[in-house]
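One structure below.
The values are calculated or read from the model by the stated rules, or taken from the named source; none is laboratory data. What you see is a predicted model; the values in this text were computed from it and never measured. Cβ sites come from the backbone with ideal geometry, for glycine too, and all protein chains shown count toward neighbours. Areas reflect the complete protein model, heavy atoms only, side chains present, ligands, DNA and RNA absent. Shrake-Rupley method; radii C 1.70, N 1.55, O 1.52, S 1.80 Å.
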Amino acid sequence: LRYLHTMSVPLFDADGHLEYILCIAEDVTRRREQDQNLREALAALREGEARLRTIADALPAMIAYIDANEVYRFHNASFLRDFLRGPSVLGSTVRSTIGEQRYRVLEPYIRRALAGETVVFEEVDESGGRDVAYQITYIPQTGGDGHTIVGFHVMRQDITSHKREKKQLIMLSQIDALTGLTNRAGFFQRLDAAMKNSTEKGALMAVMYMDIDHFKPVNDTYGHN
């Protein structure tokens, strides 16, 4: 089966009478096959993008992609809902989206990511009436040559619960369960912090040691617990 593209051109003599018709035919079979292959490739690309969008939107993390000009090219539903809290910003720059003051805070991390470094840092969001801790990761994206940085991926994860649990575990490890007083580990942690503070300020510090007389009979009578 072959496909032909035809065109007919009538030619007239000096008196205006039809003299003959010039017919031109071009075999466009290969072009149609190429067009069909292109349509199938585009359909597969759109299907892949839709699948990626579905997966990205289902993730609890906030995900975005920013190109080398610091323009948003992709973000998932969580990023739009929990971070931007507004309409889509695709095609907008980071600076125009988050404002000058906040941009100055993030700019050093953006520069490092666009220089090819994977950057991980934390920040606390106080805008919602409560402190929410986030861990942000910037992952550089290289171009086709494998060297040029064409942008970076952004991942924002809420680590508030993790930070709270970690703080609680540290506190429990430094508190005596029976008395609620600072234990040996807590004492050395506070002593170390006090010494650093004293050094930074160039000030003296004091440590007081207290002994309790006749405490041994209490232990011997009631037990150490």
Exercise. Given labels modelled 7 Å from the Cα in the Cβ direction, how far is it in nm from ALA25 to SER198?
Worked result: 10.3 nm
Exercise. What accessible area per residue, rounded to a whole number of Å², is obtained for the stretch 109-225 using a probe radius of 1.4 Å?
Worked result: 79 Å²
Seminar exercise, completed: Carbon/sulfur accessible area of the stretch 132-225, % of total, 1.4 Å probe, equals 58 percent
Seminar exercise, completed: Going residue by residue through the stretch 97-111, the Karplus relation 6.51 cos²θ - 1.76 cosθ + 1.60 with θ = phi - 60° gives ³J(HN,Hα) values, rounded to whole Hz and with x marking Gly or Pro, of 7, 9, x, 5, 5, 6, 4, 4, 6, 8, 4, x, 5, 5, 4
Exercise. Using 7 Å Cα-to-Cβ label points, what is the ILE139/ASP213 separation (nm, one decimal)?
Worked result: 6.8 nm
For this session: Grab the beta carbon distance between THR148 and GLN101, set R0 = 45 Å, and tell me the FRET efficiency rounded to 0.05.
Result: 0.90
Exercise. Under a 1.4 angstrom probe, counting protein chains only, how are VAL218, VAL105, VAL132 ranked by accessible area, largest first?
Worked result: VAL105, VAL218, VAL132
